[in-house]
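**Q** One structure is given below, represented as structure tokens, and several questions about it will come after.
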Amino acid sequence: MEVGYLELAVGSILISNVVLAKFLGLCPFFGVSRRTSDAVGMGLAVIFVMSIASAATALIYRHLLLPTNLEHTNLLGVLGLPVPEGGYVLILKTISFILVIAGLVQFVEMVLKKSAPALYRALGIYLPLITTNCAVMGMALLNTEAWRDPANGLPVHLATVNGFCGGVGFLLAMLLMSGIRQRLAERRVPKALQGLPIAFISAGLMALAFMGFTKLFGIAV
Amino acid sequence: MSLLKEFTDKPFKHNPVFVLVLGLCPTLAVTTSLKNGVAMAAATTAVLVCANILISLIRRFVPNQIRIACYIVVIAGFVTMVEIAMKAIAPEAINKALGIFIPLIVVNCIILGRAEAFASKHGPLASLMDGLGIGVGFLLALVAIALVREVLGAGTLWGYRLTPVTVGPTTVIPQYVPITVLGMAPGAFIVIGLLFGLFSLVGNRRRDAARLVAVPAVPQVAGDFPKPKKKPADKAEGGEAPSEPRPSEPQPSEPRPPEPRP
């Protein structure tokens with residue numbers, strides 16, 4: 001049974017939030033969440049890159065790495081190149097994903113600089129940070145095994161939606177965190193807990209609240 | 001001698017998690033039990049040491065502009081090897097628990113950080129020692145967090161259930177009832193936050209003590225709590241102003257980058 005869009009959205013934004021349930025992208029979550037403007041900029045950049053990267057990596061995974069079967073075609077096999085029995089998954093997945101993501105971020109940066117200077121000014125400084133953001137790579141990897149079909153992963157269109165929703169979940173978490181941290185800066189915090197420790201504890205309480213979304217609408221992630 | 005120092009300096013003074021604040025994602029995700037933490041640290045250390053050595057060997061041939069891309073390819077190669085090795089060696093349960101965090105070593109900022117900050121400037125032997133030292137530091141950090149989370153959150157230690165202690169008919173220590181939430185996502189954040197706080201408390205105490213010994217003439221400024229939204233007062237007010245707050249800035253030990261790297 002194919003996964004529905006709404007199911008993906010609720011699952012990826014609320015139930016298994018990238019940051020608060022999957023522990024992905026924690027460095028920007030704690031590093032760039034002091035000001036709301038920074039948090040929003042980073043969040044938007046992640047949505048953008050994560051959608052594109054999810055599409056590209058799903059395309060590669062489904063049509064280059066997996067062995068040919070009824071559901072997906074291996075383009076290398078179609079071209080007559082040898083495809084080992086288990087496909088190229090084991091040896092090429094990690095390296096091809098990271099190269100595609102790194103290249104994509106560079107490419108997006110160049111395109112934005114040339115064609116959308118306003119957008120580039122808003123997101124530009126966050127883009128290089130995203131190459132090593134484990135949320136993007138993590139989402140690409142999750143797309144290959146999540147959602148009821150761990151052998152084949154999500155098809156390309158669903159993977160793109162999942163990437164977008166994961167980005168939205170990241171933005172949501174960043175936004176909430178920046179609000180909390182701005183309030184925290186005005187409060188009396190014991191000296192030893194100032195800064196990062198209290199931010200971690202607040203994130204823990206947020207994660208606790210997000211656990212309330214488990215099984216929302218009966219969706220099991 | 002100095003090679004040994006490269007190693008011994010790292011686990012505590014440059015601890016990747018608690019001092020440099022790098023590699024947070026695996027730190028929080030896999031520390032549900034000691035076994036997982038040790039397996040993760042071993043995998044990361046293997047990649048770190050190999051990548052450090054190779055990057056140090058090729059550092060003179062890599063053009064400066066594309067060095068990051070080269071480092072990523074080197075790291076990704078070693079990560080793939082470790083991934084395959086883990087599938088072969090490690091038990092099924094551990095592989096399942098670590099899941100995507102083994103391939104995600106490739107974007108672990110500890111490794112790229114050491115490549116950029118150390119291996120690209122030092123010889124292979126020094127880089128080997130650096131990798132080992134940082135790896136041991138990572139292991140210690142993961143063990144510290146996993147110990148708290150496994151014992152308190154699951155009531156087990158290295159997989160063995162903690163049993164009540166009885167002397168004759170009387171129960172000395174009753175059966176421990178686990179706080180399940182510590183094993184889940186919120187518990188990870190809270191435990192690591194409290195540990196950060198603990199280390200910063202210890203660090204502050206030590207620094208204050210050192211300062212008291214060094215400059216006994218400077219009077220201490222009173223007040224434990226920060227006055228919010230105020231720039232640090234002038235130097236005139238009690239020298240270094242030891243208890244002056246720096247709101248929204250992490251306090252622990254000295255060599256800390258301004259922001260955790262993404």
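**Q** B:L54 is checked against (1) in contact with a Pro (Cβ under 6 Å, 6 or more places away or on another chain); (2) closer than 19 Å to A:T94 by Cβ and fails just one. What number does that condition carry?
**A** In the conditions (1) in contact with a Pro (Cβ under 6 Å, 6 or more places away or on another chain); (2) closer than 19 Å to A:T94 by Cβ, B:L54 misses (1) alone.
**Q** Need the failing condition index for B:M86 against (1) within 26 Å of A:V136 (Cα to Cα); (2) open to solvent by 60 Å² or more (accessible area, probe 1.4 Å), just the number.
**A** Against the list (1) within 26 Å of A:V136 (Cα to Cα); (2) open to solvent by 60 Å² or more (accessible area, probe 1.4 Å), B:M86 comes up short only on (2).
**Q** With the range A:112-203 as the region, which helices (runs of 4 or more DSSP H) entirely inside it contain at least 3 residues that are surrounded by 21 or more Cβ atoms within 10 Å (Cβ to Cβ)?
**A** In the range A:112-203, A:134-143, A:156-185 are the helices (runs of 4 or more DSSP H) which contain 3 or more residues that are surrounded by 21 or more Cβ atoms within 10 Å (Cβ to Cβ).
**Q** Same structure, new question: Within the range B:75-83, can one find any residue that is open to solvent by 20 Å² or more (accessible area, probe 1.4 Å), aromatic (F, W, Y) and more than 23 Å from the chain's Cα centre (by Cα)?
**A** no
To keep it simple, each residue is scored yes or no on (1) open to solvent by 40 Å² or more (accessible area, probe 1.4 Å); (2) touching a residue at least 40 places away in the same chain (Cβ under 8 Å).
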residue	(1), (2)
A:I13	no, yes
A:A21	yes, yes
A:L24	no, yes
A:M42	no, yes
A:F48	yes, yes
A:L59	yes, yes
A:N74	no, no
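**Q** Given the structure, is B:N36 closer than 16 Å to B:N108 by Cα and in contact (Cβ under 8 Å) with a residue 24 or more places away in the chain?
**A** no
**Q** Residue under question is B:V172, and the condition is that it be of a type in the set (V, I, T), touching a strand residue (DSSP E or B) at 6+ places or on another chain (Cβ under 6 Å) and more than 14 Å from chain A (Cβ to nearest Cβ); does it hold?
**A** yes
**Q** Could you please find all residues in the range A:204-221 being open to solvent by less than 10 Å² (accessible area, probe 1.4 Å) and within 28 Å of A:G4 (Cβ to Cβ)?
**A** Of the residues in the range A:204-221, the ones open to solvent by less than 10 Å² (accessible area, probe 1.4 Å) are A:204, A:207.
Within the range A:204-221, just A:A207 meets the criteria.
**Q** Separate question: Within the bounds of the range B:43-54, is there any residue that is modelled with pLDDT of 90 or more and more than 21 Å from the chain's Cα centre (by Cα)?
**A** yes
**Q** Turning to a different aspect of this structure: If you check every pair at least six apart or on different chains, which have Cβ atoms under 9 Å apart with a residue in the range B:74-100 that is closer than 12 Å to B:K35 by Cα first and a residue that is among the charged types (D, E, K, R) and surrounded by fewer than 18 Cβ atoms within 10 Å (Cβ to Cβ) second?
**A** If the second residue must be among the charged types (D, E, K, R) and surrounded by fewer than 18 Cβ atoms within 10 Å (Cβ to Cβ), the pairs left are B:N95/B:K87.
**Q** Scan B:L157, B:L142, B:L98, B:L112 and give me the residue that is under 30 Å from B:K13 (Cβ atoms) and either among the small types (G, A, S) or modelled with pLDDT of 90 or more (or both).
**A** B:L142
**Q** Follow-up question, since we're still on this one. Cβ contacts < 6 Å: first residue more than 8 Å from chain B (Cβ to nearest Cβ), restricted to the range A:179-194; second residue at pLDDT 90 or above and surrounded by 13 or more Cβ atoms within 10 Å (Cβ to Cβ), any location; separation 6+ or different chain. Result?
**A** The qualifying pairs are A:I180/A:S202.
**Q** Go through the range A:26-40 residue by residue and tally those that are open to solvent by 10 Å² or more (accessible area, probe 1.4 Å) and in contact with a helix residue (DSSP H, G or I) (Cβ under 8 Å, 6 or more places away or on another chain).
**A** Count: 6.
**Q** Could you list, in sequence order, the residues of the range A:26-40 that are free of Cβ contacts under 8 Å to residues at least 40 places away in the same chain and away from chain B (no Cβ under 12 Å)?
**A** Scanning the range A:26-40 gives a single hit, A:S37.
**Q** Let me ask something else about it. Regarding A:T160, is this residue of a type in the set (S, T, N, Q) and under 20 Å from B:F101 (Cβ atoms)?
**A** No.
**Q** Which residues, counting only those in the range A:96-114, are touching a helix residue (DSSP H, G or I) at 6+ places or on another chain (Cβ under 8 Å) and more than 14 Å from chain B (Cβ to nearest Cβ)?
**A** A:V108, A:L112, A:K113
**Q** Residues of the range B:15-39 being among the β-branched types (V, I, T), open to solvent by 20 Å² or more (accessible area, probe 1.4 Å) and part of a helix (DSSP H, G or I), which ones?
**A** Taking the range B:15-39 and keeping what is among the β-branched types (V, I, T), we get B:17, B:19, B:21, B:27, B:30-32, B:38.
Then drop every residue that is not open to solvent by 20 Å² or more (accessible area, probe 1.4 Å), which leaves B:32, B:38.
If the condition is that a residue be among the β-branched types (V, I, T), open to solvent by 20 Å² or more (accessible area, probe 1.4 Å) and part of a helix (DSSP H, G or I), then B:V38 is the only one that fits.
**Q** Still on this structure, I have one more. Hey, which of the helices (runs of 4 or more DSSP H) in the range A:1-106, taking only ones fully inside, have at least 3 residues that are in contact with a Pro (Cβ under 8 Å, 6 or more places away or on another chain) and on the phi < 0 side of the Ramachandran plot?
**A** Counting at least 3 such residues, we get A:26-31, A:36-60.
**Q** Do we have any residue at all in the range A:139-156 that's of a type in the set (V, I, T) and within 12 Å of chain B (Cβ to nearest Cβ)?
**A** yes
**Q** Output the number of the condition that B:A93 fails; it satisfies all remaining conditions of (1) open to solvent by 20 Å² or more (accessible area, probe 1.4 Å); (2) modelled with pLDDT of 90 or more; (3) closer than 30 Å to A:A207 by Cα.
**A** That leaves (2) as the condition not met.
**Q** Separate question: What are the pairs with Cβ atoms under 9 angstrom where one residue, in the range B:55-68, is closer than 11 Å to B:G123 by Cα and the other, located anywhere, is aliphatic (A, V, I, L, M) and open to solvent by 70 Å² or more (accessible area, probe 1.4 Å)? Sequence gap at least six, or different chains.
**A** These pairs meet every condition: B:S56/B:L125.
**Q** Answer yes or no: is there a residue in the range B:201-208 that is over 22 Å from B:A154 (Cα atoms), small (G, A, S) and at pLDDT below 60.
**A** Restricting attention to the range B:201-208, the residues satisfying the condition of being over 22 Å from B:A154 (Cα atoms) are B:201-208.
Within this subset, residues satisfying the condition of being small (G, A, S) are B:203.
Remaining after also requiring at pLDDT below 60: none.
Within the range B:201-208 (the criterion being over 22 Å from B:A154 (Cα atoms), small (G, A, S) and at pLDDT below 60), the answer is no, since none of the residues qualifies.
The values are calculated or read from the model by the stated rules, or taken from the named source; none is laboratory data. Predicted model only: the values in this text are computed from it and were never measured. For neighbour counting, all protein chains shown are included, and Cβ atoms are generated from backbone atoms with ideal geometry for every residue, glycine included. Side chains are part of the model used for accessible areas, which takes the heavy atoms of the whole protein and leaves out ligands, DNA and RNA. Shrake-Rupley method; radii C 1.70, N 1.55, O 1.52, S 1.80 Å.
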